[in-house]
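J.: Quick one: the structure is below, and I'll ask about it shortly.
The values are calculated or read from the model by the stated rules, or taken from the named source; none is laboratory data. In this text the structure is predicted, and so the values were computed from the model without any measurement. Heads up, the Cβs are rebuilt from the backbone with ideal geometry, glycines too, and the neighbour counts pull from every protein chain shown. Areas reflect the complete protein model, heavy atoms only, side chains present, ligands, DNA and RNA absent. Shrake-Rupley method; radii C 1.70, N 1.55, O 1.52, S 1.80 Å.
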Amino acid sequence: MFKPIIYFQPFVLVGQCCALEHLRKLGYKTFSDVIDESYDLEPDLELRLEKAITAAINFMARDDLDEIMKQLWPIFEHNYNLLVSRYDSILVKLTQDLQENL
């Protein structure tokens, strides 16, 4: 999930139902202005996957993709900065968990 954030790319998240909502609760921004994210609300896994693929294909087929990518820069930057700011605390927590469970 975090690879597209690191590389300043838009993403379609295929996971459990409402995964994008959980990501937004963590402070990350998604791309609902340019990608149909209604797939995220689909309870049926296979249908959610089909809808997510369709959303990705429709986004990639846009004639104005170059311009859209420029407009998305603030979201890319926000998500990247949020991820980087949390890196150290995540690393500390993972190290503590490992030490406690070994």
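J.: Which of the three applies to segment 51-96, rounded, prolate or oblate, going by the alpha-carbon gyration tensor with a ≥ b ≥ c and a/c under 1.5 meaning rounded?
T.: oblate
J.: So, one more: Given Cα positions, please report Rg to Rh for the chain, the hydrodynamic radius being the Kirkwood one.
T.: 1.05
J.: With a 1.4 Å probe and all protein chains in place, put F2, F59, F8 in order of accessible area, largest first.
T.: Solvent-accessible surface, decreasing: F2, F8, F59.
J.: Give the accessible surface of the chain per residue, rounded to a whole number of Å², with probe radius 1.4 Å and ligands, DNA and RNA excluded.
T.: 70
J.: Sequence neighbours fewer than 8 away in the same chain don't count; with that in mind, list the lysines whose C-alpha is under 23 Å from K25.
T.: K3, K51, K93
J.: Helix 73-101 sits at what angle to the longest principal axis of the chain, using alpha carbons and giving 0 to 90 degrees rounded to 10?
T.: Computed tilt is about 30 degrees.
J.: Let me check against my output: what whole-number percent is the relative contact order of the chain, with C-alpha pairs under 8 Å and at least 6 apart?
T.: Working: 75 pairs, mean separation 31.0, N = 102.
Value for the chain: 30 percent.
J.: Counting only protein heavy atoms and using a 1.4 Å probe, what share of the accessible area of the chain belongs to carbon plus sulfur, as a whole percent?
T.: 58
J.: Projected onto the charge dipole of the chain (+1 at Lys/Arg Cβ, -1 at Asp/Glu Cβ, origin at the Cα centre), which of V92, S38, P74 gives the Cα projection farthest towards the positive end?
T.: Highest projection toward the positive end goes to V92.
J.: In degrees, nearest 10, range 0 to 90: what is the angle between the Cα axis of helix 45-60 and the longest Cα principal axis of the chain?
T.: Once rounded, one gets 70 degrees.
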